[in-house]
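Worksheet: one structure, shown below.
All of the numbers you see were taken from the coordinates with simple rules; none came from a lab. Computed from a predicted structure; not experimentally measured. Because the Cβ atoms are built from the backbone with ideal geometry, glycine has one as well, and the counts that use them run over all protein chains shown.
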Amino acid sequence: MPKVFKVSDWINDYIKYKQLMKIPLIKNFNNAKLFELWTRYYRKKQRNFYTEKFKKRTIFAEPSLLNGILEARKIFKEMTFYELFKLNIPSPVYLNKFNQIHADILDINSSHLERFRGRIKKEISLTCRSAYLNFKKRKKYSL
């Protein structure tokens, strides 16, 4: 059974609603939520489009090369989740201290990115070597 409100209660609720709608966060919540959903959908659609395009282009490629490409893509995906500039400073600091913290973080990031670079380089060299050996075996070359 529907609930019946008194007119005074309804007016009070309406006034509170109007006050809440003056707050930008609440006023724009639905638009922001829809925009976020749209951007996620668009990114997924773009990723799927380029993945399919990549698959079509590489369908005739050497299988050993494809395995290497997939491994390299896994490493690149790991890189996307790596946080480059994460500053955990609980309280305000002087500029010199901030510069020192920032320099330390840059050194740490440099070593992490160098590790990613080494892994990619190793994967590419292994892939190229296996593709070359498969080519030699297929063509019966002996060098």
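Below is a table of values for the structure above.
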| quantity | calculated |
| --- | --- |
| Subset of LYS56/LYS86; LYS33/LYS56; LYS56/LYS139 violating a 31 Å alpha-carbon distance limit | LYS56/LYS86; LYS33/LYS56 |
| Residues of type lysines that LYS53 reaches as a straight line, Cα spacing below 24 Å, ignoring anything fewer than 8 places off in the same chain | LYS44, LYS45, LYS74, LYS77 |
| Residue-averaged 222 nm ellipticity for the chain, from DSSP H runs of 4+ at -39500 (n - 2.57), nearest 500 | -27000 deg cm²/dmol |
| Selection from ASN67, THR80, LEU37 lying farthest towards where the dipole of the chain points positive, charges on Cβ | ASN67 |
| Dmax and Rg, reported as Rg then Dmax, of the chain (C-alpha, Å) | 28.2, 95 |
| Total charge dipole magnitude, the chain, about the Cα centre, Cβ charges on Lys, Arg, Asp, Glu only, Debye to nearest 20 | 960 |
| Reachable lysines from LYS18, criterion Cα separation under 16 angstrom, eight or more residues apart if same chain | LYS27 |
| For segment 1-57: rounded, prolate or oblate by the Cα gyration tensor [a/c cutoff 1.5] | oblate |
| Backbone HN-Hα couplings from phi across segment 22-36 [Karplus 6.51/-1.76/1.60, Hz, Gly and Pro as x] | 7, 6, x, 4, 6, 4, 9, 4, 4, 5, 5, 5, 5, 5, 5 |
| Relative contact order for segment 61-143, counting Cα pairs under 8 Å that sit 6 or more residues apart, in percent | 59 |
| Length-normalised contact order of the chain in % [C-alpha pairs under 8 Å, at least 6 apart] | 30 |
